[in-house]
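I have placed the structure first, in the form of structure tokens, so that the comments after it can refer back to it.
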Amino acid sequence: MDSNDFREFGKAMIDYIADYMENIRNRDVLPSVTPGYLENQIPKETPVEGDNWKDVLHDVEKLIMPGVTHWHSPHFHAYYPTSQSYPSIVGEMLSAGIGCVGFSWMASPACTELEVITMNWLGKLLGLPEQFLNCSEGPGGGVIQGSASESTLVALLAAKERVVRLVKQNNPSLSEGDIKGKLVAYTSDQANSSVEKSGILASIPMIHLPSDNNGSLRGDILREAIRKDKEAGLIPCYVVANLGTTGTCAFDNLEELGVVCNEEEVWLHVDAAYAGAAFVCPEYRHLMKGVELCDSFTFNPHKWMLVNFDCSALWVKDARYLVEAFNVDRIYLQHQHEGNAPDYRHWQIPLGRRFRALKLWFVLRIYGTEGIRQHIRHHINLAKHFEQLVHNDARFEVLTSSLGLICFRLQGEDSLTKELLEKITANKKLYLIPCYTQQKYVIRFVVCSRITTNEDINCSWAEIVSQANTIVPYPTDKSSIMQEPKKQDYLNLSKYNEPSVNVNEKSK
Ligand SMILES: *Cc1c(COP(=O)(O)O)cnc(C)c1O
């Protein structure tokens with residue numbers, strides 16, 4: 001393919017993506033394929049003579065799209081959002097075009113320097129304490145990781161290194177192996193699976209402490225666990241506090257946990273993968289009260305902040321612990337400017353790294369702080385709107401409501417809500433997943449797509465109601481319904497297929 005073909009192919013693909021987003025409401029959120037669907041439709045071997053790009057693009061629509069779950073459909077309400085925005089997509093394109101591998105400053109100075117700058121912008125946008133920023137006087141700094149899973153593991157490995165050194169200083173007779181065999185880490189029973197996995201990967205037991213009725217881990221529970229474990233000869237090393245748990249978007253009491261960790265010299269890491277984006281709005285920063293007490297903080301701009309996967313932001317109060325844990329210098333990696341700028345290879349697991357700061361920079365510049373705040377507030381308002389719709393139908397109850405996530409169920413036995421979810425999923429118009437909270441089976445409703453409108457929420461609710469009607473009859477006693485849903489809400493989803501203009505995005 002020469003550059004002229006590339007111009008054509010690239011432009012055709014941009015058009016394809018724009019059309020995809022404008023018409024995404026016409027597609028069922030969930031695909032109708034079964035495992036192995038692709039195998040029979042694609043040749044067993046790579047073509048010998050290269051195919052024409054037009055045939056490839058044609059096959060994307062014919063073969064690939066039928067097997068895609070449409071995460072950016074306004075009727076996708078499962079898991080948590082994964083971001084996608086036009087500035088970010090273009091940033092990804094440029095990153096691919098430059099195609100550098102930025103493991104050290106010298107390997108591509110702009111790659112490191114733009115990352116330092118955008119991580120400072122981002123930290124300030126969230127209102128993080130100055131000491132976490134690269135631009136502070138101290139040893140703090142931020143880095144882009146591929147995922148929150150990596151951020152949590154990297155911080156755990158740094159914590160492990162720190163505690164081994166500390167214990168060895170005070171007990172020179174203990175071997176590193178002795179110390180490592182006694183380490184324990186803690187998180188809440190609501191933590192994301194990636195937190196447990198980080199313990200497995202680092203060979204440190206990750207203890208799941210009970211959260212309270214609000215799904216929040218409290219300081220006294222942690223203090224007691226640490227006391228008992230120390231008594232048993234173990235060495236507490238790492239605590240992961242969850243701001244915005246995956247199940248119900250609950251918040252651990254960071255301030256209480258921070259006090260305990262600081263007293264005990266235990267590394268405190270904050271996992272705010274989803275909810276961290278809300279801290280761009282000052283009105284939600286009370287939820288991270290105590291953040292100055294933590295040692296590391298991660299959130300995913302690729303979840304709720306308009307940056308395409310992968311982009312996980314990690315800040316540490318003292319980056320020297322990362323560098324000490326991961327520095328394995330080789331002669332071929334050294335360069336004359338070492339020490340003046342971070343060599344990010346020491347802050348992460350792989351050697352190679354992509355130029356991810358470009359897409360982050362594009363999003364921050366083109367949306368601006370106000371555009372990003374509007375996006376978050378808009379989503380939270382949509383979630384509140386949905387919550388109101390649920391409240392208005394007496395057959396349902398709302399169990400939790402936090403940021404863009406509402407957990408709701410049909411009143412009565414769990415089996416009713418299970419049946420409801422099965423029916424919704426079988427119809428493929430909406431994608432929702434369940435969880436358990438307060439010993440009850442609930443459906444999680446998350447506002448995910450960037451282009452979601454009030455109409456879209458009405459439409460999703462209409463689909464839920466129409467499935468619920470087949471399980472629990474629509475009450476004929478109108479007094480039990482505070483407000484009857486409008487007739488038009490029951491129309492087919494495909495009615496709502498007019499392209500929605502993204503009000504958040506400034507067009508230049
Ligand atoms: C999504 C999520 C994760 C995992 O994020 P990855 O970037 O996929 O590793 C971790 N913690 C919480 C609270 C999450 O919501």
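The values are calculated or read from the model by the stated rules, or taken from the named source; none is laboratory data. Model, not experiment: these values are computed from the prediction. Methodologically, a virtual Cβ is constructed for each residue, glycine included, from the backbone with ideal geometry; neighbour enumeration extends over all protein chains shown. For accessibility, only protein heavy atoms count, side chains too; no ligands or nucleic acids. Shrake-Rupley method; radii C 1.70, N 1.55, O 1.52, S 1.80 Å.
Could you work out what % of the accessible surface of the range 3-68 is carbon and sulfur, using a 1.4 angstrom probe and leaving DNA, RNA and ligands out of the count? Could you put the intermediate results ahead of the total?
On the way: 2590 of 4800 Å².
Of all accessible area on the range 3-68, carbon and sulfur atoms account for 54 percent.
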Fill in: Dipole of the chain, positive direction: furthest Cα of ILE372, LEU153, GLY138, with charges on the beta-carbon
ILE372
Worksheet item: With every protein chain present, what is the per residue accessible area of the range 3-68 (1.4 Å probe, Å²)?
Response: 73 Å²
Practice prompt. For the range 141-220 and the range 341-406, compute the distance between their C-alpha centroids and round to whole Å.
Written response: 26 Å
Worksheet item: Over all pairs of distinct alpha carbons, what does the Kirkwood formula give as the hydrodynamic radius of the chain, in Å?
Response: 24.8 Å
Fill in: Residues of the range 209-352: accessible area per residue with a 1.4 Å probe, Å²
38 Å²
Discussion item. Could you work out what % of the accessible surface of the range 145-340 is carbon and sulfur, using a 1.4 angstrom probe and leaving DNA, RNA and ligands out of the count?
Written reply: 49 percent
Worksheet item: Rounded, prolate or oblate: which fits the range 237-323, taking a ≥ b ≥ c as square roots of the Cα gyration tensor eigenvalues, rounded meaning a/c under 1.5, else prolate when a/b beats b/c?
Response: oblate
Worksheet item: Just how far, in whole angstrom, is the range 408-469 from the range 113-131 if you go by their alpha carbon centroids?
Response: 37 Å
Worksheet entry | Farthest toward positive dipole pole in the chain [+1 Lys/Arg, -1 Asp/Glu at C-beta], among MET106, GLY412, ILE17 | GLY412
Item to complete: Determine the shape class of the range 145-340: with a ≥ b ≥ c the square roots of the Cα gyration tensor eigenvalues, call it rounded for a/c under 1.5, and otherwise prolate if a/b is greater than b/c, oblate otherwise.
Response: oblate
Response to the item:
Here P(r) for the range 3-68, Cα-Cα distances in 10 Å bins, as whole percents, is 17, 42, 33, 8
Response to the item:
Calculated from DSSP helices alone, with each H run of at least 4 adding -39500 (n - 2.57) and the total divided by the residues of the chain, [θ]222 nm to the nearest 500 comes to -12500 deg cm²/dmol
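Roughly how many Å² is the accessible area per residue of the range 103-187, as a whole number, for a 1.4 Å probe?
Details: 3240 Å² over 85 residues.
On a per-residue basis, the range 103-187 sits at 38 Å².
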Worksheet item: If you place +1 on the Cβ of every Lys and Arg and -1 on the Cβ of every Asp and Glu, how big does the dipole about the Cα centre of the chain come out, in debye to the nearest 20?
Response: 420 debye
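Mind ranking 51-64, 302-315 by how tightly packed they are, going by the mean number of other C-beta atoms within 10 angstrom, highest first? Don't jump to the answer; show the numbers that get you there.
Values: 51-64: 12.0, 302-315: 26.0.
Ranking the peptides 51-64, 302-315 by packing returns 302-315, 51-64.
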